[in-house]
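Trainee: So that we are looking at the same thing, I have put the structure below in structure tokens.
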Ligand code: KMH
Ligand code: ZN
């Protein structure tokens, strides 16, 4: 019989999502940032080996600037799908400078999953715009196209907006509500265990969730997420510093650290196939092959 003072640790495996590029860091400041298709494909393979199950993709143009060019996005989805088993998630957030129309068009590239941010948030000196009508339009498009949305939650109010979206516009494609808490953005919720607990408590019943902490909140958020039974997102979109004054070697290094932490926590990395089953992803492997 278990000792009454010993609480049961969260069980099951940990889904690790890698967000390798983002739209904010420059190649000049972070040379290990994958910005070409070849770099992204190599990153996907290395991160899958390291324990990732999903990749959250932003792409860059020939000058390494963020772009939502549909041709490039389509080519990227096909290349990553052909060279890895990772769930391919495209960002519909883009950069703070991208308009709603080009963000909606991302779905034409037919990813397995896409991000869907549940509200506007101050983003450093900028504003990341996500009006209610835009959220609804994007959500309905994911339902029509059978793409699994990942609800990006930068603030506690975004959790309220997510619940409103589900109440008014039914379940997502596949039926599983999956969220990602993006914490520590200047303007959003802080990357602390207390904020994570508050956000998780407000999630819809049955939702699965991961969390990522931007910058120096990466470690506290990782361990708080493991302790709370959540999944992990890591990658150079969110952090480019390994330790004080030490740049990240590459994305695989961040995935390997997350895999090590999850394994230590008795919740080892989930395979891409198990993550597909969890998120109810439509199997598009073979499409565009
Ligand atoms: N680059 C940020 C402004 C997403 O990918 O959906 C938005 C972002 C969220 O990264
Ligand atoms: Zn992103």
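Trainee: Round to the nearest 0.05 the FRET efficiency obtained for residue 78 and residue 273 when R0 = 22 Å and r is the Cβ-Cβ distance.
Mentor: The value I calculate is 0.65.
Trainee: Could you list 91, 217, 208 in order of exposure, starting from the residue whose Cβ has the fewest other Cβ atoms within 10 Å?
Mentor: Sorted ascending by nearby Cβ count, the order is 208, 217, 91.
Trainee: Which distance in nm do the two modelled labels at residue 132 and residue 241 give, with both placed 7 Å along the Cα-to-Cβ direction?
Mentor: Calculated label separation equals 3.9 nm.
Trainee: A further question follows. Starting with the fewest neighbours, write out 280, 27, 168 ranked by other beta-carbon atoms found within 10 Å of each beta-carbon.
Mentor: Final ranking by Cβ density, sparse to dense: 168, 280, 27.
Trainee: Under a plain spin-label model, where a point goes 7 Å from the Cα along Cα-to-Cβ, how far apart in nm are residue 100 and residue 61?
Mentor: Calculated label separation equals 2.4 nm.
Trainee: Another question, if that's okay. Cα centroids of segment 191-244 and segment 75-105: how far apart, whole angstrom?
Mentor: Computed from Cα coordinates, the inter-centre distance equals 22 Å.
Trainee: To continue, here is another question. Which order results if 81, 164 are arranged by neighbouring Cβ count within 10 Å, fewest first?
Mentor: Ranked by crowding around the Cβ, least crowded first: 164, 81.
Trainee: Another one. What residue among 15, 189, 236 has the largest mean-square fluctuation in a Gaussian network model of the chain, using Cα springs under 10 Å?
Mentor: Its mean-square fluctuation being the largest, the pick is 189.
Trainee: Let me make sure I get this right: for segment 213-289, a, b and c are the square roots of the gyration tensor eigenvalues over alpha carbons, sorted descending. Under 1.5 in a/c it's rounded, otherwise prolate if a/b > b/c, else oblate. Which is it?
Mentor: oblate
Trainee: Then there is this: Once label points are set 7 Å from the Cα along Cα→Cβ at both residue 227 and residue 176, what is their separation, rounded to one decimal in nm?
Mentor: Inter-label distance under the simple model: 2.6 nm.
Trainee: How far is the Cα center of segment 109-185 from the Cα center of segment 249-289, in Å?
Mentor: For segment 109-185 versus segment 249-289, the Cα centre distance is 21 Å.
Trainee: So if we plug the beta-carbon distance of residue 263 and residue 28 into 1/(1 + (r/R0)^6) with R0 = 30 Å, what FRET efficiency do we get, rounded to 0.05?
Mentor: Calculated transfer efficiency: 0.30.
Every number in this text was worked out from the coordinates using simple rules, so none of it is lab data. Values in this document were obtained by computation on a predicted structure and should not be read as measured data. Every residue, glycine among them, receives a Cβ derived from its backbone with ideal geometry; neighbour counts consider all protein chains shown.
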